[in-house]
1. Of the conditions (1) surrounded by fewer than 17 Cβ atoms within 10 Å (Cβ to Cβ); (2) assigned to a helix (DSSP H, G or I), residue 123 clears all except one; give me its number.
2. Please find, among 35, 10, 19, the residue that is within 19 Å of residue 321 (Cβ to Cβ) and more than 17 Å from the chain's Cα centre (by Cα).
3. Going by what's in this entry, would residue 11 be described as touching a residue at least 12 places away in the same chain (Cβ under 8 Å) and under 20 Å from residue 314 (Cα atoms)?
4. Which numbered condition in (1) in contact (Cβ under 8 Å) with a residue 60 or more places away in the chain; (2) surrounded by 24 or more Cβ atoms within 10 Å (Cβ to Cβ); (3) not assigned by TED's automatic domain parsing to the domain that holds residue 94 is the only one that residue 260 fails?
5. Give the residue that is farthest from the chain's Cα centre (by Cα), with candidates limited to residues of region 84-98 that are buried (at least 18 other Cβ atoms within 10 Å of the Cβ) and more than 14 Å from residue 112 (Cβ to Cβ).
6. Kindly list, by first and then second residue, each pair from a residue in region 31-52 that is in the same structural domain as residue 283 (by TED's automatic domain parsing) and closer than 16 Å to residue 82 by Cα to a residue that is hydrophobic (A, V, I, L, M, F, W, C) and surrounded by fewer than 18 Cβ atoms within 10 Å (Cβ to Cβ), limited to pairs with Cβ atoms under 9 Å and residues at least 6 apart or on different chains.
7. Of the conditions (1) acidic (Asp, Glu); (2) within 30 Å of residue 238 (Cα to Cα); (3) part of a loop (DSSP other than H, G, I, E, B), residue 280 satisfies every one except a single condition; which number is it?
8. Given the structure, is residue 184 in contact (Cβ under 8 Å) with a residue 24 or more places away in the chain, buried (at least 21 other Cβ atoms within 10 Å of the Cβ) and under 22 Å from the mean Cα position of the chain (by Cα)?
Amino acid sequence: MTKVFNVDEVKSLITMKDVVESVEKTFCGLADGTVINPTKVTLDMGESAPYPPYEGFFNAMPAYIGYQDYAGIKWVGGILGERKKAGLPFICGMILLANPRLGKFLAVMDGAYITNLRTGAQTAVSLRHIFKDRKKIKLGLYGCGMQGHTQTLAISEVFDIEEMRIYDAYPPAAEKFKDDMKDVVKGEIIICKDARDACIGDAVITVTQAKDGFMQADWVKPGTVVFPMGSYKEVDDEVILQADSIVVDHIGQALHRGALHALVEQGRLSEKNITTTIGELALGTANLGDVSDKRIVCIPIGTGAMDVAVAGIVYERGIARGMGVDFNITGE
């Protein structure tokens, strides 16, 4: 039997603290080879291609988690167009979990909620290992939607947020974020009217749908870690080219998507320019040293391994609590 877990069940079975711990462990697995993660495959549904005209994409993201002995895949999309008109969130997704020894499909569950949590957790874990022994942090944030919220929630699990500067092209979103996060951020939340003013802090995070490289190199001061998240080009190429260190979650994937993609295509950047991976920092096989005067670009573009590992936790806890609905999908 295959268990089916809906989004409310998923929400009841994990916390952000759980996800941060899971992401940490999974990054270590990526570094030591016990977690296997091929690069994601994208089906362009009109995000950049002229056909079909749905203003979105789907990603297929498989992985094997050695420490759990689960295989799985996330099928996740980001759709504007008709989905936006219907008032639905940008992200939609499902996760399929399997027993790799028998090829039995163990569970199907909502993937959008897990995606949002683990994306924030990736940043929190990265910062933990870039800023070793630091307990407090100042943040800049571009994009005050769901991803902005979960980035903040995750980082607050690891650091006290002393100050947060936020910018959103849609000002009411920034106002809502400030109200939503007032009990999560210990310091002041400052809404910036000028985009440049948000590029101040120990870490600056972009979680927007911008594709124009809006962040300029002269905005980024020494001692700052810039996180151009996901598959969009949110920072100017010079932000990357001036960086003292470039850290990624998955080298093969990061070279062909998002912030690094154009530079790689132009022959201006290659694997040799990657300093290390987040997994190597988490495992302790790499160390950036004193970063107080360095400009660092960190790109956790997102791997299926993070989703599958969290799905494994949901599955085990759901089974233990008698949750989920049984479906004999395969007839086995």
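1. Among (1) surrounded by fewer than 17 Cβ atoms within 10 Å (Cβ to Cβ); (2) assigned to a helix (DSSP H, G or I), the lone unmet condition for residue 123 is (1).
2. The unique qualifying residue is 10.
3. Answer is yes for this residue.
4. (1)
5. Selected residue: 98.
6. Final answer for the pair search is none.
7. It fails just one condition, (3).
8. No; evaluated as a whole, the condition is false for this residue.
The values are calculated or read from the model by the stated rules, or taken from the named source; none is laboratory data. Everything quoted here is computed from the prediction, not taken from an experiment. Counting neighbours? That spans all protein chains shown, and the Cβs are built from the backbone with ideal geometry, glycine included.
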